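Got a structure for you, written out below as structure tokens; questions coming shortly.
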């Protein structure tokens, strides 16, 4: 019974290592090229253990991937990953805020030119007639300009 469990564990390790190797990106494989790992992998126990210890791409914050001096690849550190969604991109959010502020100021300018301004605007109100955020007369714009 013990031999059967050991045999199943070895086969499971071989299969796991093969699937992991096949799914790994060639550019992020460590130590030796991916095609060479396919030649090392068939060595029972040693191949999969070597793959998991020396070849498998590192993932997560412990790898230092993208940070100074991190990455673990022969070619040097990996480039930092960019934002994956627009709302994760600080430049996009800043641009969006500036566009919103510019549109609001343009609308206020047109309303003032058309008839002296909207009726609901006062020192504590915005163009929509609601209270200014945090009592900020700039309308919450980060630059603080009107």
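Any read-out appearing in this document is the output of simple, stated calculations on the displayed coordinates, not a laboratory observation. Please read all numbers here as calculations on a predicted model, not as lab measurements. Cβ coordinates were reconstructed from backbone atoms using ideal geometry, including for glycine residues, and neighbour counts include every protein chain displayed.
Cut-off is 10 Å between beta-carbons; in what order do 109, 56, 23 appear when sorted fewest neighbours first? Working shown, then result.
Numbers: 109 11, 56 19, 23 8.
Listing 109, 56, 23 from fewest to most nearby Cβ atoms yields 23, 109, 56.
What is the fewest-to-most order of 19, 49, 29 by other Cβ atoms lying within 10 Å of their Cβ? Each step should come with its number before you reach the end.
Numbers: 19 10, 49 13, 29 21.
Ordered by Cβ neighbours within 10 Å, fewest first: 19, 49, 29.
Here is a further query. First check a/c for the range 2-63, with a ≥ b ≥ c the square roots of the eigenvalues of its C-alpha gyration tensor; if it is under 1.5, answer rounded, and if not, answer prolate when a/b is larger than b/c or oblate otherwise.
Working: a/c = 2.50, a/b = 1.75, b/c = 1.43.
It is prolate, given that a/c is not under 1.5 and a/b is the larger ratio.
By count of other Cβ within 10 Å, fewest leading, how are 51, 35 ordered?
35, 51
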